[in-house]
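The values are calculated or read from the model by the stated rules, or taken from the named source; none is laboratory data. The structure displayed is predicted, hence computed values, not measured ones. Cβ sites come from the backbone with ideal geometry, for glycine too, and all protein chains shown count toward neighbours. All accessible areas refer to the heavy atoms of the entire protein, side chains included, with ligands and DNA or RNA removed. Shrake-Rupley method; radii C 1.70, N 1.55, O 1.52, S 1.80 Å.
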Amino acid sequence: MNIMENDDRELGMHRPISRRDFLNGIAVGLGVLGPGFAEAAQFAQDSPDYYPPALTGMRGSHNGSFDVAHTLRDGRFWKTAGTPVDTRETYDLIIVGGGISGLAAAYFYRARTSPSARILILDNHDDFGGHAKRNEFRPQGRLLIANGGTLAIESPFPYSKEARGLMDELGIDPVKLSDEAGKAADHHVFDGLQSAIFFDRETFGTDRLVAGVPGRRRGLGWREFLVKTPLAPEVQADIVRLEEAKVDYMAGLSSDVKKDRLSRMSYKDFLLNVVKVNPGAIPFYQVRTHGLFGVGIDAVNALDCWGMSYPGFQGMNIAPGATMRMGFTPRGEATPKPEYFFHFPDGNASIARMLVRSLIPASAAGHTAEDIVTAKFDYSRLDKSDSPVRIRLNSTVVRARNAGDPASAKEVEVAFVRDKQLYNVRGKGVVMACWNMMIPYLCEELPEKQKEALKYGVKIPLVYTTVAVKNWAAFKKLGIRNISTPGMYHYGVSLEEPTTIGDYHAAPKSAEDPVLLRMTRTPCKPGLSERDQHRMGHADLFTTSFETFERKIRDQLVRILEPGGFDPARDITAITVNRWPHGYAYEYNYLFDPEWPEGQAPCEIARRRFGRITIANSDAGAAAYTDQAMDQAYRAVSELVG
Ligand SMILES: Cc1cc2nc3c(=O)[nH]c(=O)nc-3n(C[C@H](O)[C@H](O)[C@H](O)COP(=O)(O)OP(=O)(O)OC[C@H]3O[C@@H](n4cnc5c(N)ncnc54)[C@H](O)[C@@H]3O)c2cc1C
């Protein structure tokens, strides 16, 4: 199919696919509320058929989850908010945000106070887990699971005692799980397939798929690979030089001086001005950093790229070891830690589910890391008055304040909006496990310096798209399993790795069986500072409809896979776009950020306790990792319980 002919009919835009993105059940008659408030009013999550993981279409920050927050940001909320309805509930602890950090805070608080501690967790999304979200599909009746966000347990640095302890108590041993998964026979079903790059005509002049990426599965040599690409011969020659030649491009300088200089230039500038590659090579590398940084090589420093073993440094005699001018993630690359490669089929949503099952045992059966994968959750049990811990979904917090002088306050008041109604609830303390940039709007009494610090980091926008397809025959015919698409809307497409754990067996028996495809997008604007690029990305994601995503996805897949017989109108059965405008926590980037003195980094000022208000979440560590979310929860709880 010629791309010019890819009209909506051929792409299958008219085909009925699974893209339900609404839930049954709405709030009814509220009135004056007593302590059994959540039972008195029938909210969506109280319905027995409420099950968000099965929803497809636009997920992640789904429609309806951010409107209240944005009116608060724009200064419009309180003009029409009215007086809150008092739920007359009181809790030992209120937690804003039901991601890993909020759930871990509940776990730590209960462990350090009492099993009967009364805890309320409020989250604006229709599901718990924050970024750690689960997506389910049932092509041909078979359960296939994917992560809607947070995937990997491993982190740049080893887990702290507290985070490791929490994982142990939950019964999650990633090394053991990794060994077990590796032994499963069906783990190797895609082993014969290669990695590929798709050169799109808008960027490279012609549409061409080239399999056998050097250095990856059954990869070719660089020359052998590049000669098949549409890149000009002089560009190919420079890529070979960059990848293979052992040249010291900063001869005569000490390793320390080289590191310092590299930390002050982008990798793009290193390639163009130091290695002096032909500018035609830049599009080949531009999005290489997107997965970790959400921006291209123009906004990531060359030292970070050295730390992550990018090409060009192999002859430069740079001594091993990180410097403080490296970002958090590349710095961690140099640190030894336990080796494993394991992730749950739904990523760290399984950790969130294990936390919820521990906090509210009636929500799901089972007790192991294996049985959590297929455990059916009963969301109607999450917010019941007979449970000490309650999770209230679709509830956006709009205010959290000390009741009285912060220095002596014994209580907090928290206001939240649920189904367009404003409510008030009281607690002995509150952990803000939400996003840092929201907190100044929620806690107006905070000192100005702390508010500025909370606003500093700009979360990284990301999209994890999952496409359910009837079979993977086209991949088999083309001999490929994952394709980098450096010029396209999503920068990569791959077959979802099959995982076997407990009763869950995702691996297809043959190429005719249904599978999931994973696609990733990170909108940004090359040339700006990293934080400004993320701001542009937010705007892009909040203004792009699901229909636009769907069209782009279908077009991208047919252009790559049609030579293998793929027909988007026939083969796609469901699409889930996990849109995360406020994704990864911002990790400092010393290409743009100053080096702050000890204790003065924005995240350190931002996370200071204020009376009975403490601050958790991964932004508080300026590091986008699960163990960081747990560590920050532990600290925030410690500040409340002493
Ligand atoms: C696409 C993606 C992939 C990732 N992959 C990985 C990975 O592989 N490994 C890894 O370790 N980390 C990964 N991360 C980083 C991830 O952010 C952290 O690991 C961790 O899940 C963060 O947990 P958290 O609780 O701090 O924040 P979140 O998960 O963001 O949870 C905070 C919650 O607070 C809610 N909230 C915000 N404001 C309010 C309000 N006013 N009222 C009520 N609720 C509110 C938010 O909506 C959210 O649900 C990924 C992140 C994304 C977006």
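Just a few scattered comments:
- Anchor Lys337: aspartates and glutamates whose Cα lies under 13 Å away (excluding residues fewer than 8 positions away in-chain): Glu154
- Length-normalised contact order for the chain - Cα pairs under 8 Å, 6+ apart - percent: 23 percent
- Here Lys376 and Ala569 are evaluated by their C-beta separation; at R0 = 30 Å the FRET efficiency comes out at 0.35.
- Pairs from the table (Lys428/Lys455; Lys228/Lys476; Lys133/Lys459; Lys79/Lys420) lying more than 23 angstrom apart at Cα are Lys428/Lys455.
- 5 angstrom amide H check on Ile480, placed H, neighbours 5+ away: Gln194
- Dipole in debye (nearest 20) - segment 274-369, about Cα centre, beta carbon charges: Lys, Arg +1; Asp, Glu -1: 100 debye
- Its residue count N fixes a reference of 2.2 N^0.38 Å for the chain, and the Cα radius of gyration divided by that reference is 0.97.
- Hull shadow area, averaged, segment 104-157 [alpha-carbon convex hull, nm²]: 6.4 nm²
- For the pair segment 42-112 / segment 481-502, the C-alpha centres are spaced 32 Å from each other.
- Anisotropy class of segment 331-446 from Cα gyration tensor, a/c 1.5 cut: oblate
- Trp472, Trp222, reordered so the largest accessible area comes first (probe 1.4 Å): Trp222, Trp472
- Annotation: Val458 carries an accessible surface of approximately 10 Å², with a 1.4 Å probe and no ligand, DNA or RNA atoms counted.
- For the peptides 499-506, 518-525, the ranking by mean Cβ contacts within 10 Å, running from highest to lowest, is 518-525, 499-506.
- Rounded accessible area of Ile372 (nearest 10 Å², 1.4 Å probe): 0 Å²
- Expected 222 nm ellipticity per residue - DSSP helices of 4 or more, -39500 (n - 2.57), all of the chain, to 500: -7500 deg cm²/dmol
- Debye, to nearest 20: dipole size of the chain, +1 on Lys, Arg Cβ, -1 on Asp, Glu Cβ: 320 debye
- Calculated from backbone phi, Karplus (6.51, -1.76, 1.60) coupling profile of segment 518-532 in Hz, x at Gly/Pro: 10, 10, 10, 10, 9, x, 7, 9, x, x, 8, 5, 4, 5, 5
- Peptides 100-106, 419-425 ordered by average Cβ neighbours within 10 Å, highest first: 100-106, 419-425
- Sparse-neighbour loop sites [trypsin sites (Lys or Arg not before Pro); segment 33-138; at most 16 other C-beta within 10 Å; DSSP]: Arg76
- Considering only Val414, Met432, Ala364, the residue lying farthest towards the positive end of the dipole of segment 354-466 is Val414, judged by Cα position with unit charges set on Cβ.
- Euclidean distance between Cα centres, segment 198-277 to segment 278-318, Å: 9 Å
- Remark: accessible surface ordering of Met13, Met326 (largest first) is Met13, Met326, probe radius 1.4 Å.
- The chain, accessible surface, carbon-and-sulfur percent (1.4 angstrom probe): 52 percent
- The GluC sites (Glu not before Pro) found in segment 485-594 that occupy coil by DSSP, while having at most 11 further C-beta atoms within 10 Å, are Glu512.
- Label point 7 Å beyond Cα of Asn273 along Cβ direction - residues of segment 576-599 with amide nitrogen under 15 Å: 591-592
- Spin-label model, Lys228/Leu528: points 7 Å from Cα along the beta carbon direction are separated by 3.8 nm.
- Nearest-0.05 FRET efficiency for Gln42 and Asp256, computed from C-beta distance (R0 51 Å): 0.20
- Taking label positions 7 Å along the Cα-Cβ direction at both Thr548 and Val641, the computed distance is 4.6 nm, reported to one decimal.
- Length gained on full extension, Thr83 to Ala362: 97.0 nm, using 0.36 nm per residue less the C-alpha separation.
- Inverse of mean 1/r across different Cα pairs in segment 203-245, Kirkwood, Å: 10.9 Å
- Solvent accessible area, Å² - Tyr310, 1.4 Å probe, full protein context: 30 Å²
- Efficiency of FRET from Cβ geometry, Ala539 and Val175, R₀ 30 Å, rounded to 0.05: 0.10
- With the charge dipole of segment 276-421 set up from +1 on Lys and Arg Cβ and -1 on Asp and Glu Cβ about the Cα centre, the Cα lying farthest toward the positive end among the listed residues Gly312, Thr329, Ser385 is that of Ser385.
- Probing with 1.4 Å while keeping every protein chain in the model, the per residue accessible area of the chain equals 38 Å².
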